[in-house]
Each structure stands twice: as C-alpha cells, then as structure tokens.
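This report concerns only the one structure given below.
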C-alpha cells in the first residue's frame, strides 16, 4: 500500500492507521476472515454478532459461545484492531456485550436502538475503566444529544466515539420511509449537526469524541469529503462485501457485481424498520402479498412479531449468505451498483488511499 495522507483514527484507547471502519454486517456476512483482513491493512475490522449462531446451524452451542470462538479466531489471524457490531434489538444483547468485554475486544458499536442505560450486566465502574471502547450508532443529532446528556448526568462518562449513519446505507435504516430521500436527512447535513452536539461534552471531559460518518460512502474522494466536513473517520460496509475475504458465498458477492441501480430497493422489514436491499424473488413475492412459512427457532430479535411477519428475515439473510438468493436477499447500500468486480481487501484499501491522496494532492 502506498503511503497515506489520511489521518489516523483514535477511538479511546486504540489508534487505527487509517480512518476506515469496515461496517459490521449481520447473519454471517462480516466474520473473522473479513475483519482480520481489514485490520491487517490498518483499518478497523468489525464482526457482526447478529444471528451469529447460524454460521453453525447444526451446533448445540449458544450464540454467545460461538461469538467467543469467532473473536478468538480473529485474534489469532491479526494483530490489528477489530471490534464487534452488536444490535441492541437482539434478544441476547447483554450476553454478547458481556462476551465482548470479557474477551477485551477493542471497540463495540451499539446499533439498532438508543443505548441510554448501561446494561446491568456490566457495572458503571467497568464501563468507565474496561478496555472495550463503546461507540453508539445513531441517525440524528437529537439521538447524539440524548445519549451524551444521559451518560453525563447518570454515569459521568461519554461515548468513546459516535457513528452517524445516513439514509444511503445498506441494511436496516434508522429513518422513517418518507424521510429516506428527504435532502434534510442527507449525511452531509446530519454530520455537522451531530458534531455540534458532541463538542460541549468534549470540552467538559477534556477528551476527543470522534464522530464517524457512515451510509453510502464509496470512494477515497468520499472519505476526503466527510473528513473535510469534520468526521474523524468513515464506516463502509458495501465496498467490503465484494472482496475475496468477505465471509459469504460467491453468489452473494456476485449479486453486488450484477445489480443495477434499479435493483436496489427499499423494503419494510419484518422487524419494523425500512431497509435497503437488492431485489430478489423472495422480496418480489412478499411485495405481492405472498406469505412465507416461518419456522422460528427462537425469537432472535425483540421487535419481531412472528404472527404478523410475512417471512423470517434471519432465515432469508442466512439463505443469501449461503448463496441462495432465490429464498433470501442481500442488504446493500445505495452505491452497490457501482461495484464491477470482486477484489482483495488489500487492493480495495490501496485504491481508497490512492483516491484520497489524489484529492489531497491533485498534482501528485
């Protein structure tokens, strides 16, 4: 990789060479192989814990046990920085967070919910002093203010960083369907608003609380733009799916290469949130009112009502992860149609650095 002019990204006790966080993609999309490859290249790799037990469908082990195995496997593969993405909406959120802290994972990204109260499973003192850095994922300045105000008032701490994710992301989106294409909710608008809310808490505690921009970021030029707007780093998911190291079947990756802009659709997820995905037979059937039988092994998401859900989203995503895009579908960001080939993580990171450098020094 050529020498980078990108700034480093510091999150609490850890410092990444590059300000690039790989998005945590659930139901087995981002596991040890992808996270370790990103970490090796100087970014922050991220494992998603959502339905992680589905990677071993015939095992009697709990999801938490399998998560611990994945974390230890990743540590064996890299000396770089990696973290977890834990959805607050999953039924075993507390258990996953406990495993993360016990295994001294560098960073935990807290999504799919507003993390106000520190879970009883960890003490306030442990939250203040543990190795693991806690990073909420939000979609508004109002959420940033609520979290910082609550943590300040009740625990005398701040988040170690904050991710603000705009509506061009893949997967579940923290916006109402009618707001997704509203210019007022563009990431370019949200980012400065969130930074403004964070500044008073940085001043009060005498520490940096980096804001990381996410949602539709595709190129090194995009990274430069959002750093110029005040972000300390970016989170990217979609670009990392189309890599050799991504932990999914080749057909899943090829769906990204083959999709057109028209194939990227907004859906109403069974868990009560809008989402962005690549069109598939399953999604077409559901849009026509066809109900898919649900064999719910256990209530993996708190917000899922199997009596009303037209299909099991965990099963659909797991099917796609294993290459069955007929009975499943792939989540993807708004720029997935721009992907034309599957490359290595090393090549992708080098490309992003080169593009960033060209914007920084256009005459170079």
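The values are calculated or read from the model by the stated rules, or taken from the named source; none is laboratory data. Computed from a prediction, not measured in an experiment: that's the story for all the values here. When we count neighbours, we look across all protein chains shown, and the Cβ atoms used for this are built from the backbone with ideal geometry, even at glycine.
Of 195, 209, 223, all but one fail to be in contact with a strand residue (DSSP E or B) (Cβ under 7 Å, 6 or more places away or on another chain), part of a helix (DSSP H, G or I), within 14 Å of residue 160 (Cα to Cα) and touching a residue at least 24 places away in the same chain (Cβ under 8 Å); the exception is 195.
Out of all the residues in the range 38-45, is one or more in a helix (DSSP H, G or I) and without any contact (Cβ under 8 Å) to a residue 12 or more places away in the chain? No: the range 38-45 contains no residue that is in a helix (DSSP H, G or I) and without any contact (Cβ under 8 Å) to a residue 12 or more places away in the chain.
When each of 79, 68 is tested for being surrounded by fewer than 20 Cβ atoms within 10 Å (Cβ to Cβ), assigned to a loop (DSSP other than H, G, I, E, B) and more than 18 Å from the chain's Cα centre (by Cα), the lone residue that passes is 79. Within the range 113-160, how many residues turn out to be in a helix (DSSP H, G or I), at pLDDT 80 or above and out of contact with any strand residue (DSSP E or B) (no Cβ under 6 Å at 6 or more places or on another chain)? Residues flagged as in a helix (DSSP H, G or I), at pLDDT 80 or above and out of contact with any strand residue (DSSP E or B) (no Cβ under 6 Å at 6 or more places or on another chain) within the range 113-160 amount to 13.
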